[in-house]
1. Residues of the range B:48-72 losing 10 Å² or more of accessible area relative to the isolated chain, 1.4 Å probe, heavy atoms only?
2. Going through the cross-link list B:LYS135/B:LYS178; B:LYS47/B:LYS135; A:LYS158/A:LYS365; B:LYS8/B:LYS164; B:LYS12/B:LYS77; B:LYS12/B:LYS124, which pairs have a Cα-Cα distance over 28 Å in this structure?
3. Figure the gain on full extension for A:ARG407 and A:TRP13 (residue separation times 0.36 nm, minus the Cα-Cα span) and round it to one decimal in nm.
4. Buried accessible area for the A:B pair, summed, 1.4 Å probe, in Å² rounded to 100?
5. Compute the FRET efficiency between A:LEU387 and B:GLU64 as 1/(1 + (r/R0)^6), taking r as their Cβ-Cβ distance and R0 = 51 Å, and round to the nearest 0.05.
6. Ignoring ligands, DNA and RNA, what percent of the accessible area of the protein assembly as shown is carbon or sulfur (1.4 Å)?
7. In the range A:176-201, whose amide N lies under 14 Å from the spot 7 Å out along Cα-to-Cβ of A:ALA164? List them in ranges.
8. Counting only residues 5 or more places away or on other chains, whose amide H sits under 5 Å from the amide H of B:VAL13 once H atoms are built in the peptide plane?
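The values are calculated or read from the model by the stated rules, or taken from the named source; none is laboratory data. Note that the structure is predicted; figures quoted are calculated from it, not measured. A quick note on method: Cβ atoms are made from the backbone with ideal geometry, for glycine too, and the neighbour counts reach across all protein chains shown. Please note that ligands, DNA and RNA were not included when accessible areas were found on the heavy atoms of the full protein model with its side chains. Shrake-Rupley method; radii C 1.70, N 1.55, O 1.52, S 1.80 Å.
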Amino acid sequence: MFNLFSLSWRNIWRHRGRSLMTAGAVGLAVFFTLVYLSFLGAMENGIYNNLTASVGHLQVRVEGYREKREFRDLLIPNAAQVEARLATQTQASRVVALEIPALVAGETRSRGVLLIGDQRPPELRERFVKQSLVEGRLPEAGDLDSIALGASLARALKVRLGDAVYVYAPGTEGRGAGAYRLVGLLRFPDPAIEARSAYLALAAAQELAAPGSATRIELHFPFTRYSQDAQLDTVQPALAASLGPGLSLESWREASPAIAQIFNLLTPLVLIFAAIFFGLAGLLVVNTIYLGLLERTREFGVIVALGAGPGQVTRMVVLESLLLCSSGALVGGLLGLLTIAALSGGFSLEALYGEVGSVFGLPEKVYLSLRAWDIPITLAYTLLTGLLAAWWPARVAARLEPVEAMRFTA
Amino acid sequence: MTPVLQVKELTKVYRVDTVETPALRGVSLEVHPGEFIALAGPSGSGKSTLLHLMGGLDKPTSGEVWLGGQRIDGLSKAQLSNLRLWNVGFVFQAYNLIPVLTALENAAFVLELRDEPREVRESKALQALETLGMKDLAHRRPNQLSGGQQQRVAVARALAARPKIILADEPTANLDSKTGLALIEHMRTLNREQGVTFVFSTHDPRLLERVDRIVRLEDGQIAA
C-alpha cells in the first residue's frame, strides 16, 4: 500500500532519464562540496600545524615588542622563572628562544644573521630535526661551543661541518663575541630565511648576548586540527593574567595576522563555490519539477478534485523535489566519502605548487578528512536546494483550480 | 426527507475577455438520499457545469448549493477541498486514475488523503474493488487494465471513501456500449444494495432506462 512518500518517489522516476540527470547534478554538487570541504579542512590543518610548529600556539613577548628597536628592550628578564610559572599553569610544551641580531664569519667571509638560541622539548626538537636538518646535528642543550647554520649561509661563508665560525653580537649584554664549531646544516623552505639563520643552544646564546634572558617563550599545545584552536580563547586570557606587568601573551593569529585572515576567508570562499554548484543543480531541479507539474496538470486537477487541499498538494511537490535531491545527494555523498577515505592516507601537492608552496606554509602532503560540520553543511545545502527548487512549482500546484486543470492539455 | 444535495436558482456564466457565455440559467434541483439520477441533454446543455457546481469543484455566478444541510457556494478553496474529501465522490469521463498507482492504491487514494490508517484503507479499497468485480486485478496498474476496468476502479475509488453522494460526469462516454451498460449496472446495484446516491450525466438514451429520475437540461435550463 502506498503513501504520499512512495507516490512522490514513483512520480519522480516516471521520466527516468530526466530525473537521473537532475539527481546526478545534485550528486555532483554534493560530491564536489564534500571533497572541497575535506580538502579545505586538510589544507587548514596542514598550514595550521606547520605554522604553530614554528611559532607556537601562544607566545610570551615583551609588551609592545613590535615598536621596540633596541635589543635590550626586547628581553624577557628571568626567562627561566617565567617559564617555570607557565609550567605550573599549563601542560603545553614550551620553547624558550633568544633571537639576536648578529654577525657571523668564517675564515674569509661574514654575514648579518638572526641568531637563534633555543631550548625545546624532545618531541619538538625531533620534529625540527626531521624538517630542517640536512647534515650533522643540532647543538645539544647546554652545549656552549656548537653552532648550526642555514646550508646556503654556510656556503656563503665558505665553511663546512667541523670548521670554526665566529659570532659577533655588539651592543648586547653578554660576552658579545664567541667562536663555535659548525655541527649542523639546516634547510628552510624560504631561501631568504636559510641565508640568514644560525642556531645555538639557548645557554650559548644567553652567554653571548643576554644572560638569563629570552626574547620569546612559545607554548605548543597538543592540537593537530585547526578546529581545536578555539580552545585557545579560554586558555589565553587566564595565562596572560598570570604573566605580570611588561609581558604580553599573543596567539599565532596575532603573531601572523595575514595568515589568520586567510584562514577566515577559506571557509566562506568554499561555501560560496558550493552555493554556486547547488544553485546550478537547483535550476535543473526546478526545471524537472516544473515540467513534471506541467505534464501532470490534469492529474493534479483530479487530485485536487478528489479533495486534496493546497497544503497536501504543496507537500507532494516539495516531497518530489526533496526526494530527487536526496537520491542524488545519497549517491554523490557516498562517492564523496569513498574519495575522501581513499585520499585520507595523504597525497602530495608538490606537483601542483612545487617548492613555492612551502614558502607560504602550505603542507607538502594533505590528508583529506571531514570536519564535524562538513556533512551537516552539505545536507543543509541539499535540503535548501530541494526546498527552494520546489517553491515555485509548489505555489503553482497549490493554486490549481480543479476544473481548469482537468481541461488542461500540455 | 431532507435532500442530500440541493441547488437553488443556479446560474453560471463563463467570461472570456468581454464575451459572456451562460452555461446555467437558474437551475433548481433536489437530490434525496438513495436516488439514482441521470442528467440528460445534448453537449453544451450544462450537464458537466451543473455536476461541477454540485460537487464544489467550481463556484456559481449566482444561486445556492447546499450539501448535507450546509451551504457550500461561498466556501473558501481549502474548505471546499475538505468538503469534497469527506462528502463527495467523483467519477470522470476519462477515468483519471493515477498511472503510478495500482488499482488497489487508486481505490484507496481518497482514504490516503484523509490520512486513514493503512489497514483501514486497504480493507475499504479491497471491499470496493470486490463489489465492482475488480478484486483479482487489484495489483495491476491502469495501463494494464481495459477502459471498462479502469472506470470500475474509478467508481471503486469514489465508493471506498463512502461519500454522501457520487457525481459521475459521462462515466460511459469512453466505453463501448456493452461495457458502458455493464458499468451502469454495477452503479445501479450499488445504489440498490448499499443505498449509494448517484448523479451522473449522459447522453446515451439506453442508460436512461435504468435510472429513478431523469433531469433533462437544454441550454442551461431544466427542460419541462
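1. B:HIS52, B:LEU57, B:ASP58
2. B:LYS47/B:LYS135; A:LYS158/A:LYS365; B:LYS12/B:LYS124
3. Answer, rounded to one decimal: 139.4 nm.
4. So the buried area, both faces added, is about 2500 Å².
5. Between A:LEU387 and B:GLU64 the formula returns 0.75.
6. Ligands and nucleic acids excluded, carbon and sulfur reach 56 percent.
7. A:178-182
8. Residues meeting the criterion, in which the H sits 1.01 Å from N, are B:ALA23, B:THR61.
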